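The values are calculated or read from the model by the stated rules, or taken from the named source; none is laboratory data. Treat the numbers as computed from the prediction; the structure is a model and nothing was measured. Positions of Cβ are backbone-derived with ideal geometry, glycine not excepted, and every protein chain shown enters the neighbour counts. Keep in mind that these areas ignore ligands, DNA and RNA; they rest on the heavy atoms of the full protein, side chains included. Shrake-Rupley method; radii C 1.70, N 1.55, O 1.52, S 1.80 Å.
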Amino acid sequence: MFWADKIAEKIALQYKDKIADGKKLIIRDEKTMSGRVHIGSMRGVAIHGIVSEALKERGIENEFFFEINDFDAMDGIPVYLDRETYEPYMGVSLCDIPSPDLTTGQAGGTAKNFAEYFAEEFLGVIKEAGFAPTYYRSSEKYRSGAYNDMIKTALDRAELIRTIYKETSGSVKGEDWWPLNVRCEKCGKISTTRVLSWDGSEVEYECRDIEWAKGCGIRGRISPLNGNAKLPWKVEWAAKFSVIDVDIEGGGKDHSTRGGSRDVANHISREVFGRKPPFDIPYEFFLIGGKKMSSSKGQGSSAREFADLLPPQLLRYSLLYKDINQQINVDPEGDAIPLLFDGYDRAAGAFWSGKDDDVARLFKLVNQTDPKLLEKRALPRFSTVAYLVQMPHIDIVAEFEKLEGLSYGERDREELEERAKYARIWLDTYAPEDFKFEIKETLPAEAKNFTPEQKAALKKVLEYVKSQAALDGQELHTELHEIRKASGLEAAQFFGALYLCILGKQSGPKAGWFLSVLDRNFLETRLEEAAS
């Protein structure tokens, strides 16, 4: 059974009474908009989104909520923004910081605020991946009073919360620590304030310097309600379970360890707010080149950059093809992009052949947002497309029709055109040198240093080429290996000479196929020059 179906089955069992009563299940995920959102954050969106879809297939009504967390404070300045411009906003809620303009590094962009600027880009990627959650902003919830009861309860039970921190995670909070940060009435910062007391209606606070942000030094009293304050992260997470009435919410595996943030939030939810925590879905990370990424530090590929490398169905495939207990590790600078296309094509083959397995199920889930993609069509291999688009004299459609023995229809041509488009994008951005080549207009200088044995072997290749009315890639491939064996040359010496005289480097596409699609006059002339 596919991993999303297993999760949906467990949820259906856990909430069978609520489902029987006709009540809607609530699924929730979130992202703090502290900078460009990395592709890793899309895994949570995809997991919650596909579980929502799997539940709906079972007739279980549910709604997937996604929080744009814009009420957290800026605690780091993204490396791609001007530090001097944003230093004064350290400690201020993201929704209260001017929108950046990434082309100038200055404040004052067109978005409503800092968080919205980065949210717009990320929400676009979510839509392209085929997910449509219901969005809400954390600032709106606080300012509407949705957190008021949770804030009062947390302050009334501050001693219990301190005990939970200590017993669950080993974090010791002093008796003067209160689970709240007030928005300073003078400087507007929310990270630099420390609550001093709570009388049941107002808190007394002071605004002081912390390690990474400067306070203004005032002391004051204020109601902590209606957006005047926010709860610290782990307490807030527990409060969100109640405020949104969450039934299902997962998180990265680092949060779900014993003593981790989810463990603390679960205890606070039960013991402080009196609510059973939602069904958890702990999942592994989405890595780029083996590295976890940071939005504010600018590390790793952003969701937008990664999405630009793939058509929407492949983006969705890349997020769903591995079990939640497995890391997804994609390195666009290696062969990961061609391999993603190969995996998608295998899933298509399983689905179109009528198989009833996890691979076929994956293909259905990946493409069900666009039924046209479930229809059978030619899927030209991406790595071959990437080679052919670098050969302007080639009619790509005609070449694939010959390679596959097919006559391409309209849908087949559309698929090929789409893959050619993304192959060019990948070649222009991340593709390794092994996939790139440029046919040299003249014989490279290095080819003039071939040994007599290499020249003799190239002459044999030329003789074979001239003897054929038309070149077949597979037949030429076989003949090249026979010529190489007869020459006594090592494979690297023989094939290296073939590639070097045409590409100026000692590696390239599969030799037989590659030579067979070159212009015939060019190929014969170049081999003759190299063999002389």
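Values for this structure:
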{"quantity": "Size of charge dipole - region 456-498 - debye, nearest 20, with Cβ of Lys, Arg +1 and Asp, Glu -1, no other charges", "calculated": "180"}
{"quantity": "Cα-based helix-to-principal-axis angle, 3-14 vs the chain, degrees rounded to 10", "calculated": "30"}
{"quantity": "Accessible surface of region 127-284, 1.4 Å probe, proportion on carbon and sulfur as whole %", "calculated": "42"}
{"quantity": "Carbon + sulfur, % of accessible area of region 368-478 - ligands and nucleic acids excluded, 1.4 Å", "calculated": "48"}
{"quantity": "Angle in degrees between helix 473-487 and the longest Cα principal axis of the chain, rounded to the nearest 10", "calculated": "70"}
{"quantity": "Other-chain or far-sequence residues with amide H under 5 Å of residue 62's (modelled H)", "calculated": "25"}
{"quantity": "P(r) of region 260-401 over all Cα-Cα pairs, binned every 5 Å from zero, in whole percent", "calculated": "2, 8, 13, 15, 15, 14, 11, 8, 5, 3, 2, 1, 1, 0, 0"}
{"quantity": "Separation in nanometres of the label points that stand 7 Å from Cα toward Cβ, at residue 470 and residue 440", "calculated": "3.2"}
{"quantity": "Dipole magnitude (debye, nearest 20) for region 1-87, charges at Cβ of Lys, Arg, Asp, Glu", "calculated": "540"}
{"quantity": "For residue 196, distant residues with modelled amide H under 5 Å away", "calculated": "204, 205, 206"}
{"quantity": "Cysteines having no other Cys beta carbon under 4.7 Å from their own, within the chain", "calculated": "95, 501"}
{"quantity": "Nitroxide proxy distance, nm - points 7 Å out along Cα→Cβ at residue 424 and residue 327", "calculated": "3.6"}
{"quantity": "Whole-number D in µm²/s for region 170-241 (Stokes-Einstein; Kirkwood sum over Cα pairs; 4 °C, 1.567 mPa s)", "calculated": "102"}
{"quantity": "Inverse mean reciprocal Cα-Cα distance (Kirkwood Rh) of the chain, Å", "calculated": "27.0"}
{"quantity": "Per-residue ³J(HN,Hα) for region 439-444, Karplus 6.51 cos²θ - 1.76 cosθ + 1.60, θ = phi - 60°, Hz, x for Gly and Pro", "calculated": "6, 6, 5, 10, 4, x"}
{"quantity": "Entries of 23/364; 376/402; 6/56; 485/510 with Cα pairs more than 21 Å apart", "calculated": "23/364"}
{"quantity": "Note, ³J(HN,Hα) from phi for region 196-206, Karplus 6.51, -1.76, 1.60, rounded to Hz, x at Gly and Pro", "calculated": "9, 7, 9, 10, x, 9, 9, 10, 9, 8, 10"}
{"quantity": "Stretchable slack from residue 219 to residue 520, in nm (0.36 nm times residue separation minus alpha-carbon distance)", "calculated": "100.0 nm"}
{"quantity": "Förster radius 41 Å - calculated FRET efficiency between residue 112 and residue 407, Cβ distance, rounded to 0.05", "calculated": "0.20"}
{"quantity": "Amide proton proximity set for residue 32, modelled H, under 5 Å, gap of 5+", "calculated": "69"}
{"quantity": "Dimensionless Rg over Rh [region 1-103; C-alpha; Kirkwood]", "calculated": "1.17"}
{"quantity": "Those lysines that a straight Cα-Cα span of less than 16 Å connects to residue 240, excepting residues fewer than 8 apart in one chain", "calculated": "31, 141, 152, 230, 276"}
{"quantity": "Å² of accessible area per residue within region 386-525, as computed with a 1.4 Å probe and no ligands counted", "calculated": "52"}
{"quantity": "Order by protection proxy (mean Cβ within 10 Å, highest first), peptides 3-14, 229-240", "calculated": "229-240, 3-14"}
{"quantity": "Nearest-ten-degree value, helix 520-531 long axis tilted from longest Cα axis of the chain", "calculated": "80"}
{"quantity": "Within straight-line cross-link reach of residue 10, aspartates and glutamates at Cα separation under 16 Å, skipping those fewer than 8 residues along the same chain", "calculated": "53, 57, 61, 247, 249, 280, 323"}
{"quantity": "Qualifying aspartates and glutamates (Cα of each under 14 Å from Cα of residue 460; at least 8 residues distant if same chain)", "calculated": "479, 482, 524, 528, 529"}
{"quantity": "Highest to lowest packing among 467-479, 18-30, 112-124, 356-368, scored as the average C-beta count within 10 Å", "calculated": "112-124, 356-368, 18-30, 467-479"}
